[in-house]
Structures are given as C-alpha cells and as structure tokens.
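K.L.:
Questions regarding the structure given below will be posed in turn.
The values are calculated or read from the model by the stated rules, or taken from the named source; none is laboratory data. The shown structure was predicted, so the numbers you read here are calculated from the model rather than taken from an experiment. Reconstructed Cβ throughout: ideal geometry from the backbone, glycine too, with neighbour counts over all protein chains shown. Calculation scope for accessible area: heavy atoms of the full protein, side chains included, ligands and nucleic acids excluded. Shrake-Rupley method; radii C 1.70, N 1.55, O 1.52, S 1.80 Å.
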Amino acid sequence: MGRGAFEVLAWIVILLGIAACSGTQQPFQKTPETSSAAKFNTPPPILLTKMNGLPSGLAGDLSKALVASAAKRDIAIVTGRFPNAFTLAGDFTPQRDPAGQVKIVYGWTLRDIQGKTLHQVSGVESGGSGDAGDWSTVGPQALQHIADFTAESLSSRLGQLGY
C-alpha cells in the first residue's frame, strides 16, 4: 500500500470517527434505566421519637449530631409530626466499669410505618471518669461517636432494604 493510499485511509477513519461523535446520542450518557436514582428509592424520613434515660440537654445535643451525621448519608432524621415516617427510639444507661470509667450503653430500634421492627443498633461508648449515674462526664465527642455509629448502621440497613 502506497503512502497516498495510507493517507486516504487515515482520513476516512478520522472522518468516520468524527461523524460517529456528532449527533445527540452520547454513548456514556446515563439513562433513567441505569441511573442510581432508578435503582434505589428515597427512604422515608425517620422520626426521632424518644431517647429514654438521657438527660434533656444531652438528648438535644445527640439529636443535633444524629441529624447531621445521618444527613451526610442522605437520611432525614426529623422531629415533630410526620405520619408516613419510620420511627427511631433509643434507650441509654450510664454504667461504671471497674476502672472507674463511665460507659454509655445504648440501643436504638428502627420501626417502619406499621410499627414493625426493621433494625436494632446497640453499642457502648466511653464517657469519662465518674460515678455510675454521672452524665456530666459525657462530652460532645462521645455523643458524636454514638451519632456516627448509629447513622452508619441505619444507612447500611436502609441500603439492604433497597433505599
């Protein structure tokens, strides 16, 4: 094949490539069938109903931390009246270990709109040195750890449920 024939062939390939790229079709464009929005549903809001055993000041701080941590995972934690929301209720108990450290033992229950249990989260978080019922040793860092662990666990479960 001579040089002139090679140049003609190269130009044909280039022009065909340009023609294939023109038009409105984009080969890697997401379509509604393949977008992530089509694969997953948006979870309903999660109504924070109660935090048994937690003093009101700490409950407010934990609520704010949980709302922020869940929002980073596209989960809406809400308060007020939401008739079509899942519900989340928690129980908290401070306990003192033999070394004198206060541990916060907690558990959450996530329920669907009909009240069926969908998920339970439990954990233990260090609160500092003090007596068994001493909530004053529980600082923002402990509450943030509880919020982050809870939000991550909720996100994982909601993903399993198709949200």
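K.L.:
Could you check segment 131-163 and list, in sequence order, the residues that are within 14 Å of residue 93 (Cα to Cα) and in contact with a strand residue (DSSP E or B) (Cβ under 7 Å, 6 or more places away or on another chain)?
P.N.:
Those that are within 14 Å of residue 93 (Cα to Cα) and in contact with a strand residue (DSSP E or B) (Cβ under 7 Å, 6 or more places away or on another chain): 131, 132, 133, 134, 135, 137, 138, 142, 146.
K.L.:
Out of curiosity, is residue 145 open to solvent by 30 Å² or more (accessible area, probe 1.4 Å) and under 21 Å from residue 41 (Cβ atoms)?
P.N.:
no
K.L.:
Starting from residues that are over 10 Å from residue 48 (Cα atoms), open to solvent by less than 60 Å² (accessible area, probe 1.4 Å) and modelled with pLDDT under 95, keep the ones in segment 59-100 and report whichever is nearest to the chain's Cα centre (by Cα).
P.N.:
94
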